[in-house]
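A.B. asks: The structure follows.
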């Protein structure tokens, strides 16, 4: 291979490498290009997600407060039930004592 053939072969190889690099760059740019419309849509989606998270947090807070209220009401109702049962037990005992006194 003489000098001219070597230079031409090297030039062809370098041109092919340049063409492949340019084509690869074009493909990457085309695949990753984000338009202003897409950025606007991403901003709207981010805002909607933020609002949904705030709504979720408010709902969780409301449910926790409601759960605390219901638990408190349940405790009060159970205490009232215990007091009523104790009163009923005492009333039955008194009634039984009065019956035994009347019979005896």
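A.B. asks: Calculated FRET efficiency, residue 22 and residue 48, Cβ-Cβ r, R0 41 Å, to nearest 0.05?
C.D. replies: 0.55
A.B. asks: Something else: Under the classification rounded if a/c is under 1.5, otherwise prolate if a/b is larger than b/c and oblate if not, where does region 57-104 fall, given a ≥ b ≥ c as square roots of the Cα gyration tensor eigenvalues?
C.D. replies: Verdict is prolate for region 57-104.
A.B. asks: Taking the Cα atoms of the chain, report the difference between the largest and smallest coordinate on each principal axis, in whole Å and largest first.
C.D. replies: For the chain, the Cα spread along each principal axis is 141, 34, 12 Å.
A.B. asks: At R0 = 25 Å, how high is the FRET efficiency between residue 59 and residue 39 if r is their beta carbon distance? Nearest 0.05 is fine.
C.D. replies: Plugging the Cβ-Cβ distance into 1/(1 + (r/R0)^6) gives 0.25.
Each reported figure results from applying straightforward, stated rules to the coordinates on display, with no laboratory input. This is a predicted model, so every value here is computed, not measured. With ideal geometry, Cβ positions are generated from the backbone for all residues, glycine too; neighbour counts draw on all protein chains shown.
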